[in-house]
Amino acid sequence: MPEKPEGEDAEIAGRIAAVLATLKSAREQRGWTLDELATWIDGITAHHLAALENGTAEPRFSDLLQICAALGLDPAEVVAGARWRRGGT
């Protein structure tokens with residue numbers, strides 16, 4: 001199991017976790033399953049989406065952009081609106 005990040009790395013991990021939590025919440029509010037979301041995104045499987053939501057995979061920037069587009073969200077608003085959590089917790 002990887003060590004928990006510290007310092008600045010923990011801050012970044014917390015920000016990423018907050019953005020992913022926001023995207024998961026948006027998906028759930030639409031009533032979409034991971035499979036349904038994956039049908040709207042080229043090159044991202046439901047399995048990869050689940051790993052992102054569970055924190056077992058790190059998102060690429062392109063992943064975040066594609067997920068936002070599929071959900072009809074502005075990536076800048078998602079990042080700005082996410083509540084930052086230290087260390088991803």
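The values are calculated or read from the model by the stated rules, or taken from the named source; none is laboratory data. Because the structure is a prediction, the values reported are computed rather than measured. Cβ: placed from backbone, ideal geometry, glycine included. Neighbour counts: every protein chain shown.
General remarks:
- Among the candidates D9, D35, D63, residue that is surrounded by fewer than 13 Cβ atoms within 10 Å (Cβ to Cβ), modelled with pLDDT of 90 or more and not in a loop (DSSP other than H, G, I, E, B): D35
- Any chance E58 is closer than 17 Å to V79 by Cα and within 10 Å of the chain's Cα centre (by Cα): yes
- Among the residues of region 48-59, just one is modelled with pLDDT under 95 and of a type in the set (A, V, I, L, M), namely A57.
- Filtered residues of region 20-30 (kept if closer than 18 Å to R60 by Cα and surrounded by fewer than 20 Cβ atoms within 10 Å (Cβ to Cβ)): A21, T22, K24
- Test: residue in region 38-47 that is under 19 Å from A18 (Cβ atoms) and either of a type in the set (V, I, T) or at pLDDT 95 or above (or both): no
- Leading residue by the ranking (farthest from A70 (Cα to Cα)) among those in region 38-58 that are in a loop (DSSP other than H, G, I, E, B) and hydroxyl-bearing (S, T, Y): T56
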